[in-house]
Every structure is written in structure tokens, then in C-alpha cells.
Amino acid sequence: MRRFLVTFFTALERDATLREVFALSMRSAEGFPELESGLGDKQIVMEGWKRGLMELLDGAGLRDGVPAETAALAIITSVNGTAATWLACPGLFSPADQAEALADAILYGITS
């Protein structure tokens, strides 16, 4: 999981295609009717990501009282929030430079 997070945060900054796809996927269909069908696909992907993370995290040494679903949502929202923050204000920080620290902060918050 840590390797995935470090790779994602690094690629977000360094891979223009990933950055463009992620920026586009964050848009609402409001005012962009051509995005409506893609947003349904995004919902399916997000649900799959959540299920996959829950399976991976089940029994993985999570903090007491943190169910796998909550841990999965913490990862998803942290990744999306980090990406959204950087895309909106790229001068604030470097996801690539902060990749390891970001990954650790996310994972240490949910594991014992």
C-alpha cells in the first residue's frame, strides 16, 4: 500500500496524462453534459477501489476501532484530497517530494 501511494503521488506531479485524467475526473457533470456517462463509470471504479482496499486491509493490523471500510475511505479521501489540493494550488507543495511522508501519514493514521 505504501509503495502504491508513493508511486501515485510521484506520478501525479510527473505524469501529465495521469494529472489530466485525474483533473478531469474531479469535475462535476454540471455544465459539462459530456462528462455524465464518465461519472457513472467513476462511481463504479471508486466502489471497486473501496472493496479492494477493504479486502486488503481486513486483518492488516488496523488501529483498534478502525474497521476496514473506514480505513479504505481514509485512504481514498486522502489520495483524492491531496490530488485536489495540489491541482488547485500547485505551488503549495510537491506531491513527488512529499510522496513518502504523505504515504506514511496516511498509513500511520490507520494502522497500529
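Of note:
- Computed over region 2-110, relative contact order equals 44 percent, with contacts defined as Cα pairs under 8 Å that lie 6+ residues apart.
- C-alpha long axis of helix 36-57 to longest principal axis of the chain, angle in °: 10
- Per-peptide average of other Cβ atoms within 10 Å, ordering 52-60, 13-21, 69-77 highest first: 69-77, 52-60, 13-21
- Region 6-20 - phi-based ³J(HN,Hα) in whole Hz, Karplus 6.51/-1.76/1.60, Gly and Pro as x: 4, 5, 4, 4, 5, 5, 3, 7, 9, 10, 4, 5, 4, 4, 5
- Seen against the Cα atoms of the chain and their longest principal axis, helix 68-88 is set at about 40 degrees.
- Residues whose amide H lies under 5 Å from that of Thr111, counting only those 5 or more places away or on a different chain, are Arg63; hydrogens are built 1.01 Å from N in the peptide plane.
- Share of Cα-Cα pairs in the chain lying beyond 19 Å, as whole percent: 50
Taken together, the values in this text are just the output of simple stated rules run on the coordinates, not laboratory data. Treat the numbers as computed from the prediction; the structure is a model and nothing was measured. Ideal geometry is used to build each Cβ from the backbone, glycine not excepted, and the neighbour counts take in all protein chains shown.
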